[in-house]
């Protein structure tokens, strides 16, 4: 409890209220999370590796926001995403042949089945853990956490199917954050849904313009 209180004190400046949006007391963290999140997804749509450093900043702002809202899985997820972003940034820049940039591609059916199989036990285990920790929405928080991790793994591999998983996660995130009174964050995820549709279409077009390559499996 003392550690949690200390962390809350350290994050207090980012959780300073800026203005009201309906019932949502918009904080510095939520506003900056809105801005960096939108830029990050737009850069993903453009298949730019700069999405990763912007995403790291977004993770830090959302960590502060979700911690204050007692969405502990979402808060912890931001730390995992930060580490995955560093991994993904390297893979996009040096993950291709002879350490060249990694090309865009498709995930194999086997890879997708493995990820789908992992989402189910991950959701169950996190639901139990979060319920004991006092999370305010344990099942939905766990489900979006599992889906987001799967989507990020596919994004790090630069595989088009990441967009489908992000869309599934965002469809849960929007009502979850709206129910918690985080209206600006809910609006961000509505924007993310639109950007995911754009990203899916853009990546399909780019792949269609390239020679067909064998689908990649789950990276080691």
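The values are calculated or read from the model by the stated rules, or taken from the named source; none is laboratory data. Just so it is clear, the model here is predicted, and its values are computed rather than measured. As a convention, Cβ positions derive from the backbone with ideal geometry for all residues, glycine included, and neighbour counts pool all protein chains shown.
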> Inside region 91-111, can you point out the residues that are more than 19 Å from the chain's Cα centre (by Cα) and part of a helix (DSSP H, G or I)?
Replying inline: 93, 94, 97, 98, 99, 109, 110, 111
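Could you say which residue among 114, 128 is more than 18 Å from residue 165 (Cβ to Cβ), over 18 Å from the mean Cα position of the chain (by Cα), surrounded by fewer than 20 Cβ atoms within 10 Å (Cβ to Cβ) and at pLDDT 90 or above? Before you say what the answer is, go through the steps one by one.
Working: 114 fails: more than 18 Å from residue 165 (Cβ to Cβ).
On inspection, the qualifying residue turns out to be 128.
Going by the conditions given, is residue 29 at pLDDT below 80, surrounded by 20 or more Cβ atoms within 10 Å (Cβ to Cβ) and within 20 Å of the chain's Cα centre (by Cα)? Reasoning before the result, please.
Values: at pLDDT below 80: no; surrounded by 20 or more Cβ atoms within 10 Å (Cβ to Cβ): yes; within 20 Å of the chain's Cα centre (by Cα): yes.
When the stated conditions are applied, residue 29 does not pass them.
For region 50-58, does any single residue satisfy the condition of being touching a residue at least 60 places away in the same chain (Cβ under 8 Å), surrounded by fewer than 17 Cβ atoms within 10 Å (Cβ to Cβ) and closer than 20 Å to residue 155 by Cα?
Step one: list which residues in region 50-58 are touching a residue at least 60 places away in the same chain (Cβ under 8 Å), which gives none.
Within region 50-58 (the criterion being touching a residue at least 60 places away in the same chain (Cβ under 8 Å), surrounded by fewer than 17 Cβ atoms within 10 Å (Cβ to Cβ) and closer than 20 Å to residue 155 by Cα), the answer is no, since none of the residues qualifies.
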> What pairs come up if the first residue lies in region 115-134 and is free of Cβ contacts under 8 Å to residues at least 60 places away in the same chain and at negative phi, the second is part of a loop (DSSP other than H, G, I, E, B) and surrounded by 15 or more Cβ atoms within 10 Å (Cβ to Cβ), and their beta carbons are under 7 Å apart, counting only those six or more places apart or on different chains?
Replying inline: none
> Just wondering, is there one or more residues in region 96-103 that are farther than 22 Å from residue 200 by Cα, exposed (fewer than 13 other Cβ atoms within 10 Å of the Cβ), at pLDDT below 90 and in contact with a helix residue (DSSP H, G or I) (Cβ under 9 Å, 6 or more places away or on another chain)?
Replying inline: yes
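Listed here are the residues, each with its yes/no results for (1) in contact with a helix residue (DSSP H, G or I) (Cβ under 6 Å, 6 or more places away or on another chain); (2) surrounded by fewer than 20 Cβ atoms within 10 Å (Cβ to Cβ); (3) over 24 Å from residue 95 (Cβ atoms); (4) free of Cβ contacts under 8 Å to residues at least 24 places away in the same chain.
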| position | (1), (2), (3), (4) |
| --- | --- |
| 143 | yes, no, yes, no |
| 150 | yes, no, no, no |
| 157 | no, no, no, no |
| 171 | no, yes, yes, yes |
| 176 | yes, no, yes, no |
| 182 | no, no, yes, no |
| 189 | yes, no, yes, yes |
